[in-house]
Amino acid sequence: MLQKPKTVKLRALRSPRKFGVAGRSCREVLQKGCLRFQLPERGSWLCLYEDGTELTEDYFPSIPDDTELVLLTSGQAWQGYVSDIRRFLSAFHEPHAGLIQAAQQLLCDERAPQRQRLLADLLHNATQNIAAETRVEDPPWFEGLESRFQSKSGYLRYSCESRIRSYLREVSSYPSMVGAEAQEEFLRVINSMCQKLRSVQYNGSYFDRGAKGGHRLCTPEGWFSCQGPFDMDSCLSRHSINPYSNRESRILFGTWNLDHIIEKKRAIIPTLVEAIKDQDGREVDWEYFYGLLFTSENLKLVHIVCHKKTTHKLSCDPNRIYKCQTRLKRKRPVRKRQ
């Protein structure tokens, strides 16, 4: 039995609702689930929503928090995403058996995890009010938000701006580290960055699906995809999300990291501080650091599962820290004609 409860998302086979359940053991989660769904404990069991693997006491400690589980009773079965496909196809009249078989094959080879994730996202969002934009069109989406937010794009712009502003506040807290002599130069650099951020509205367009293609990180419909991990290992499954679809997705999107490839605290800010302290007549290229701190040149959107709390082992380009000095050509003395 675990010392700390593990939280899972649980649903019954024929129930569209999911509930968060916490327990220190598989049996405890099963008992709470049976009580929640009013099912008999005898003959009931738990399996992974993803592929139907039965959850045992030995396997329970290894599953991550927020894993989706299905509660089954005697005589019921769950085959993971294949079961979702069957449910999806059952909406059509006389679905072709060959189509079901082809779908099963797609979810059983080595690339199945990626397809499973995409299918889960499709099924989760297919019936949602993605196209709706205003509070009037989709009131549930705005539950818990201040009344000043009247559009989905407006709120998500604000969400992105808030993250960028927090990065600016963090950089602005470093003047004391450069020493009294260099503080004036550091503040000048910060002021230049601040003015540029204001001119582009703190890059809030990154989360705005209505922005131009080069200024947003999502599709015109509002789909975001994980851009990590940074160590270049392949993702076990490509994560995608549409925070415009429903309230749950909007809240979940808040857990995704807008993170720096070259790390802000370990590399960018310390390098900027040292560059200002040791500039020795050279001009710091603040626009280079601006790009690393506040733009998609160095910022990548990463699913919380793919975000690894390790050093990225990347550093600033030493050739771009200072602006290139242009040398003035010496004028040759004019020769007198004889």
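The values are calculated or read from the model by the stated rules, or taken from the named source; none is laboratory data. Keep in mind it's a predicted model, so treat the numbers as computed, not measured. Backbone-built Cβ (ideal geometry, glycine too); neighbour counts: all protein chains shown. For accessibility, only protein heavy atoms count, side chains too; no ligands or nucleic acids. Shrake-Rupley method; radii C 1.70, N 1.55, O 1.52, S 1.80 Å.
With the convex hull drawn over the C-alpha atoms of segment 1-60, the volume per residue is 85 Å³.
FRET efficiency for Arg27 and Glu184, Cβ-Cβ distance as r, R0 = 51 Å, nearest 0.05? If you can, show how the numbers build up before the last one.
Numbers: r = 66 Å, r/R0 = 1.29.
Plugging the Cβ-Cβ distance into 1/(1 + (r/R0)^6) gives 0.20.
Solvent-accessible area of segment 138-189 (1.4 angstrom probe, protein heavy atoms only): carbon and sulfur portion equals 50 percent.
Rolling a 1.4 Å probe over the heavy atoms of the protein chains gives segment 125-229 an accessible area of 53 Å² per residue.
Taking a point 7 Å out from the Cα of Thr7 in the direction of its Cβ, the residues of segment 239-262 whose backbone N falls within less than 17 Å of it are 248-257.
The stretch between Glu297 and Asn257, if pulled fully straight at 0.36 nm per residue, gains 12.9 nm over its current Cα-Cα span.
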